[in-house]
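Nothing in this text is a laboratory measurement; each read-out follows from the coordinates by a stated rule. In this text the structure is predicted, and so the values were computed from the model without any measurement. Please note: Cβ atoms are built from the backbone with ideal geometry, for glycine as well, and neighbour counts cover all protein chains shown.
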Number of protein chains: 2
Amino acid sequence: MEFSSFFPVWNRLTVQQQAVLSGNVFSRKVNKGDVIHNGDADCTGLLLVRSGQLRAFILSEDGREITIYRLFERDLCLFSASCMMRSIQFEVTIEAEKDTELWVIPAETYKQLMDESAPLANFTNEVMATRFSEVMWLVEQIMWKSFDKRLAAFLLEEASIEGTNELKTTHEIIGNHMGNPREVVTRMLRYFQNEGMVKLSRGTIEITDQKKLEELSE
Amino acid sequence: MEFSSFFPVWNRLTVQQQAVLSGNVFSRKVNKGDVIHNGDADCTGLLLVRSGQLRAFILSEDGREITIYRLFERDLCLFSASCMMRSIQFEVTIEAEKDTELWVIPAETYKQLMDESAPLANFTNEVMATRFSEVMWLVEQIMWKSFDKRLAAFLLEEASIEGTNELKTTHEIIGNHMGNPREVVTRMLRYFQNEGMVKLSRGTIEITDQKKLEELSE
């Protein structure tokens with residue numbers, strides 16, 4: 001598949017703009033676990049996911065993490081090019097959750113095109129609004145929902161992403177997604193196990209009663 | 001002051017676009033306490049603050065509130081026109097914190113202009129990025145900061161906005177800003193009072209040791 005068929009507003013750019021974009025975009029392969037973008041340390045450029053999966057998270061001073069959104073095939077990451085917009089005053093870290101192929105659009109190229117193209121600027125608005133909505137959902141979760149409901153929803157989402165009820169993950173990884181210490185995750189998972197909702201073994205969490213987990217998460 | 005001198009990218013619009021904007025914008029006065037926009041119940045339009053102060057907050061199902069940002073003179077509120085962008089999938093409520101004069105730009109008018117004007121679309125991007133940054137700051141606060149630090153920072157911010165160390169507010173109002181029950185606010189304020197940082201009386205919180213409060217908030 002070509003870049004042009006992946007880039008959402010390609011057909012709304014002029015031939016000249018398409019040439020600028022084609023001439024500057026490059027592809028990149030990253031391995032599961034690679035950190036692609038690291039806060040304001042670099043202005044990596046915009047990332048368009050061709051295949052694979054990325055996660056964006058924020059870090060506390062003492063090294064705690066919380067996932068703010070995930071990026072799947074065809075998703076575009078703006079915040080790895082935050083140097084492009086002076087009003088973006090926060091830092092995210094982007095990490096590959098799976099082996100991932102992506103296109104990188106240099107920030108200057110994108111900025112130059114966006115400045116002159118209303119379709120591209122409006123598309124960028126929609127992308128930002130989508131991420132904004134995800135973060136607002138997160139705020140509502142952490143403000144209004146108890147940890148048991150959040151963890152149940154997280155396990156169900158993971159199962160849906162992976163297409164399996166047998167999740168290969170650790171309590172620490174879950175803690176890093178949710179912004180909670182590992183011990184808190186372990187304690188709640190043991191409670192879930194006692195209630196028959198999951199079965200725990202080394203490196204695996206198996207969902208054994210999806211319905212009950214769904215009821216809890218609502 | 002005229003609308004044109006308040007609207008940031010006025011000079012980058014065409015004469016025709018300026019005419020469309022002028023022909024559709026209208027001014028409105030609201031009183032302290034008025035709810036101007038109520039989630040998805042209405043598509044109020046974009047609000048440009050001429051004078052006064054607004055706050056945007058989200059509501060939980062059981063009526064708890066948390067302030068997500070404030071709007072002051074010359075600030076533009078996009079999310080009161082969320083019908084304009086399909087990717088905005090969250091609801092905010094906008095309330096006047098002071099008697100406020102504002103201009104309302106109908107959502108259809110703004111959308112029509114933004115679709116054709118790259119400068120306006122890019123300006124909108126910057127406004128959204130600014131609000132996004134405020135919400136990311138909020139996420140970091142509620143995830144990584146203890147409530148005493150958050151409350152200290154909140155009192156200092158209020159004192160800075162109001163230009164006085166004698167804050168006319170209630171524990172309930174503070175709870176609604178911070179997403180915490182009133183009792184939690186009261187307990188912490190009493191602790192602050194015991195530590196000599198504030199003096200509490202009916203309807204007033206006086207900051208008596210700003211330096212100590214600042215040290216706590218950092």
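Overall, the protein assembly as shown carries a charge dipole of about 140 debye about its Cα centre when +1 sits on the Cβ of Lys and Arg and -1 on the Cβ of Asp and Glu, all other atoms neutral. For trypsin sites (Lys or Arg not before Pro), the sites in region A:121-190 that DSSP calls loop and that have at most 16 other Cβ atoms within 10 Å are A:145.
Which of the trypsin sites (Lys or Arg not before Pro) found in region B:11-47 are in a DSSP loop and have at most 15 neighbouring Cβ atoms, other than their own, within 10 Å?
B:32
Note on chain B: dipole from Cβ charges, positive end direction compared against B:24, B:38, B:208; the farthest Cα belongs to B:208. Only helices enter the 222 nm calculation for chain B: every DSSP H run of n ≥ 4 contributes -39,500 (n - 2.57), and dividing by all residues gives -13500 deg cm²/dmol, rounded to 500.
Taking chain B as a Gaussian network of alpha-carbon nodes connected by springs under 10 Å, the highest mean-square fluctuation of the residues B:161, B:94, B:205 belongs to B:161. Taking amide H as placed 1.01 Å from N in the peptide plane, residue A:37 has its amide H under 5 Å from the amide H of A:94, each at least 5 places away in sequence or on another chain.
Of all lysines in the structure, those lying under 18 Å Cα to Cα from residue B:98, and not within fewer than 8 positions of it along the same chain, are B:29, B:32, B:168. The phi-based Karplus calculation (6.51 cos²θ - 1.76 cosθ + 1.60; θ = phi - 60°) puts the 3J(HN,Hα) values of region B:165-181 at 8, 10, 8, 8, 7, 10, 5, 5, 4, 4, x, 5, 5, 9, x, 10, x Hz, whole numbers, x for Gly and Pro.
Going from the fewest other Cβ atoms within 10 Å to the most, the residues B:151, A:48, A:102 appear in the order A:48, B:151, A:102.
Estimated at 0.36 nm per residue, the fully extended path between residue A:51 and residue A:86 surpasses their Cα-Cα distance by 9.6 nm.
Where does each of B:82, A:217 land when they are ranked from fewest to most other beta-carbon atoms within 10 angstrom?
With the fewest neighbours first, B:82, A:217 line up as A:217, B:82.
Of all the options B:191, B:69, B:110, the one that moves most in a Gaussian network model of chain B with Cα springs shorter than 10 angstrom is B:191. Fewest neighbouring Cβ atoms within 10 Å first, the residues B:26, A:79, A:123, B:132 line up as B:26, A:123, B:132, A:79. Under 1.5 on a/c is rounded, so check that first for region A:38-106, then, if it is not, pick prolate when a/b is larger than b/c and oblate when it is not; a ≥ b ≥ c are the square roots of the alpha carbon gyration tensor eigenvalues. It comes out oblate by the Cα gyration axes.
Amide H contacts of residue A:59 (H built 1.01 Å from N, in plane; Pro and chain starts excluded): no residue 5 or more places away or on another chain comes under 5 Å. Assuming charge only on the beta carbon of Lys and Arg (+1) and of Asp and Glu (-1), the dipole of region A:96-218 about its Cα centre is about 560 debye to the nearest 20.
Around the Cα centre of region B:1-158, unit charges on the Cβ atoms of Lys, Arg, Asp and Glu (plus for the first two, minus for the last two) sum to a dipole of about 280 debye. Centre-to-centre separation between the Cα atoms of region A:41-56 and those of region B:19-61: 36 Å.
Under the combined filter of DSSP loop state and at most 10 neighbouring Cβ atoms within 10 Å, region A:1-93 retains these GluC sites (Glu not before Pro): A:2, A:61.
The overall shape of region B:145-217 is rounded: from the C-alpha gyration tensor, with semi-axes ordered a ≥ b ≥ c, the ratio a/c is less than 1.5.
Rounded if a/c is under 1.5, else prolate if a/b beats b/c, else oblate: with a ≥ b ≥ c from the C-alpha gyration tensor eigenvalues square-rooted, which is the protein assembly as shown? Here the protein assembly as shown falls in the oblate category. Karplus-derived 3J(HN,Hα) values for region B:5-17, using 6.51 cos²θ - 1.76 cosθ + 1.60 with θ = phi - 60°, are 7, 9, 8, x, 9, 3, 6, 9, 8, 6, 4, 5, 5 Hz; glycine and proline are entered as x. Here's the picture: charge each Lys and Arg Cβ at +1 and each Asp and Glu Cβ at -1 in the protein assembly as shown, and of B:68, B:128, B:179 the one pushed furthest to the positive end of that dipole is B:179.
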